[in-house]
């Protein structure tokens, strides 16, 4: 996982080969890992996950409205992502937080890519890196992230820019 050359090469190849892809692609011959039946939209910008008991913000930070179509998805360094969570007051709640690595990875829809997430309940999700709250134990300069283009989990420098989806409950 620590081989940055391999990761950069993979990203460049995926980007080059998929640059013309305009929307999410899902295989119907694979059983969904994040089916619609697992989620409940509360109509206040939040979604509950029956499999984990977590409540998620429907939109990535910076996006809002129907279909998460208003605004622009914002990126943050890892430390700023943690602070964004601590400062968030949304849907009448102030206990929002950055999900840990396993919680964030639980949203990955393995039969889809670009993005690898349930697009019905998490629309307009950037097909990119999202921060988790989990630091990388082997190096204090890294933290875990999930790449929602294909649903992979990687360690990233904490000063890199990544997207944020907030959660509450659990742990």
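No lab work stands behind these numbers, since they all come straight from the coordinates. On a predicted model such as this, the values are computed, not experimentally measured, just so you know. Cβ: placed from backbone, ideal geometry, glycine included. Neighbour counts: every protein chain shown.
Residues to consider are 85, 51, 69; find the one that is in contact (Cβ under 8 Å) with a residue 24 or more places away in the chain and surrounded by 15 or more Cβ atoms within 10 Å (Cβ to Cβ). Walk me through it before giving the result.
Working: 51 fails: surrounded by 15 or more Cβ atoms within 10 Å (Cβ to Cβ); 69 fails: surrounded by 15 or more Cβ atoms within 10 Å (Cβ to Cβ).
Only one candidate qualifies: 85.
Which of the residues belonging to the range 23-35 are under 16 Å from residue 124 (Cα atoms) and either loosely packed, with under 11 Cβ neighbours inside 10 Å or touching a helix residue (DSSP H, G or I) at 6+ places or on another chain (Cβ under 7 Å) (or both)? If the condition is that a residue be under 16 Å from residue 124 (Cα atoms) and either loosely packed, with under 11 Cβ neighbours inside 10 Å or touching a helix residue (DSSP H, G or I) at 6+ places or on another chain (Cβ under 7 Å) (or both), then 23 is the only one that fits.
Would you call residue 134 crowded, with 16+ Cβ neighbours inside 10 Å and under 30 Å from residue 28 (Cβ atoms)? If you could, list the steps in order and put the result at the bottom.
Working: crowded, with 16+ Cβ neighbours inside 10 Å: yes; under 30 Å from residue 28 (Cβ atoms): no.
No, not satisfied.
Inclusion of residue 139 among residues that are part of a loop (DSSP other than H, G, I, E, B), out of contact with any strand residue (DSSP E or B) (no Cβ under 7 Å at 6 or more places or on another chain) and more than 18 Å from residue 41 (Cα to Cα) is warranted. The set of residues in the range 86-103 being farther than 18 Å from residue 62 by Cα and not in a loop (DSSP other than H, G, I, E, B) consists of 101, 102, 103.
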